[in-house]
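Chemist: Could you have a look at this structure, given as structure tokens, before my questions?
Taken together, the values in this text are just the output of simple stated rules run on the coordinates, not laboratory data. Source: prediction; values computed, not measured. Backbone-built Cβ (ideal geometry, glycine too); neighbour counts: all protein chains shown.
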Amino acid sequence: MADQTYDYVIIGGGMTADAAAKGIREVDADGSILILSDDVDAPYTRPALSKKLWIDPDYTPDDNDLGTVDETSAEVRLSTRVDRLDRIDRRVVTTGGDSIGYGRLLLATGGQPTTLDLPNDDERVIYFRTAEDYRHLRALSGSGKHVAVVGGGYIGSEIAAALVQNDTRVTIVFPDDHLGGSVFPESVQSAFEARYRDHGVTLAAGRRLDKGVTAAEGFLLTLDDGSTLEVDGVVVGLGIEPSVALAEASGLAVDDGIVVDLRLATDDPFISAAGDVASYPDVILGRRRVEHVDNAKEQGAAAGRIMAGSDEKYTHTPMYYSKVFDLAYEAVGTLDSSLQTVEDWKDDDSAVVYYLDGGVPVGVLLWNIADSTDKARQVLAEARALGADNLVGLI
């Protein structure tokens, strides 16, 4: 294809890319936008892949489309990987050989799922990340099939809950002694784990996957204690590794993500980064990288506006949320059960939990409490003036 040049090129086709294109349009109504995505689907709402699409019969994959092209007139090229970034000539080169010029470039490359030593060419092994993975898992599950979920963290726990509510036998394999044990204090963790037991999920606690081999009808998994599981499929939900190779190869600063400043700029004035892949200086919590939808949407939109000429800085401290069974929680900051915690129970099922490091609040869990993330941010912003003795009742 002949060389082309666009005012804005976005590498990555997730929610950050969608938000960035819409952010650009808030400032620049006419500039040309190209989104280069290695996904097979146009931008969609990622959280629904492990939540709403499984539990809301009225919500369909069509509803999950973000309408990027219709709302922004961006050109979206799917199944497209970028091989090389030429910062001198301001061009990107795809694996297909296309050379594309840019006025401003956004790296929204996200991350790749953490993998295990499994027969990864087998269609019954799914590293859950994309809408294609969701469709694949739908076909693999249901009808009483037995699926092992490896990983008991954020994504693993959501997938296990989704599957068991859709006629699937589920065994979840995780290294902690209790599900949620590394994140929640004991009182919250016990309620969390009980929901899974009540719904018939088998908990292989304190276990890691040693190996998996193909069997006649599925897989034979061996755990690190020598026990085995016969399953129809395996879903791995162990988080992601940020996709920084392109940035690193082009000489941009990388440190657990692509390093950006408050204006989401890299050390190249024509290149920004946002979303799961960006290491940014949070105005309350310090430098961090956040892999949640609130950050993808807010940071992507800010990056788009800044690329198009806005003089703003990214000052939003993102929240994250989850919903499994009848439990829902929101959180801001760091949740780590090894930290000191202060619990403020509102009733038998609702609580605010404050996490303290060195006596200073660094995280707030809103357990079955909605619409209070702004108050949680305020607590963390004022953290050094607060102590364990005066947290109860603040939210």
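Chemist: Restricting to bridges with both residues inside the chain, how much of the DSSP beta-bridge set is antiparallel, in percent to the nearest 5? Each step should come with its number before you reach the end.
Modeler: On the way: 50 of 85 bridges.
Around 60 percent of the beta bridges assigned by DSSP in the chain are antiparallel ones.
Chemist: Run the numbers on the chain and let me know its relative contact order in percent, using alpha-carbon pairs under 8 Å that are six or more apart.
Modeler: Details: 894 pairs, mean separation 61.6, N = 395.
Reported relative contact order: 16 percent.
Chemist: Okay, moving on. Just to be sure I understand the model, the point goes 7 Å from the Cα along the line to the Cβ. What's the resulting S338 to E382 distance in nm?
Modeler: Going from the S338 label point to the E382 one covers 3.1 nm.
Chemist: From a point 7 Å beyond the Cα of D326 in the direction of its Cβ, which residues of segment 30-68 have a backbone N at a distance under 18 Å?
Modeler: Residues 55-56 qualify, since their backbone N sits under 18 Å from the label point.
Chemist: Could you sort out which of K297/K375; K22/K313; K145/K297; K313/K375 sit more than 24 Å apart by Cα distance in this structure?
Modeler: Numbers: K297/K375 20 Å; K22/K313 17 Å; K145/K297 36 Å; K313/K375 22 Å.
From the list (K297/K375; K22/K313; K145/K297; K313/K375), the Cα-Cα distance tops 24 Å for K145/K297.
Chemist: Still on this structure, I have one more. Label-point separation (nm) for D62 and S227, each offset 7 Å from Cα along Cα-to-Cβ?
Modeler: Label-label distance for D62 and S227, simple model: 4.5 nm.
Chemist: What FRET efficiency would be calculated for the residue pair T5, E312, taking the C-beta separation as r and a Förster radius of 45 Å, to the nearest 0.05?
Modeler: The value I calculate is 0.95.
Chemist: What does the net charge come to around T222 if you take all other residues with beta carbon closer than 12 Å to its beta carbon, with K and R at +1 and D and E at -1?
Modeler: -2
Chemist: Next up: Work out the FRET efficiency for F270 and D348 from their Cβ-Cβ distance, taking R0 = 56 Å, and round it to the nearest 0.05.
Modeler: Taking R0 as 56 Å, the efficiency between F270 and D348 is 0.55.
Chemist: Also, quick follow-up: So if we plug the beta-carbon distance of S143 and E123 into 1/(1 + (r/R0)^6) with R0 = 30 Å, what FRET efficiency do we get, rounded to 0.05?
Modeler: 0.95
Chemist: A further question on this structure: Could you calculate the contour length gain from I88 to D261, that is, 0.36 nm times the residue separation minus the distance between their Cα atoms, to one decimal place in nm? If you can, show how the numbers build up before the last one.
Modeler: Working: separation 173, 0.36 × 173 = 62.28 nm, distance 2.12 nm.
The I88-D261 span can extend by a further 60.2 nm.
Chemist: For segment 1-71, what's the relative contact order in percent, using C-alpha pairs closer than 8 Å and at least 6 residues apart?
Modeler: It comes to 34 percent, rounded to a whole number.
Chemist: With Cβ to Cβ distances under 12 Å as the rule, what net charge do the other residues near I369 carry (K, R +1; D, E -1)?
Modeler: -3
Chemist: Using DSSP to call loops (not H, G, I, E or B), can you name the GluC sites (Glu not before Pro) in segment 315-395 whose Cβ has at most 16 other Cβ atoms within 10 angstrom?
Modeler: The qualifying sites are E382.
Chemist: Add -39500 (n - 2.57) for each DSSP H run of 4 or more in the chain, then divide by its residues: what number comes out at 222 nm, to the nearest 500 deg cm²/dmol?
Modeler: -6000 deg cm²/dmol
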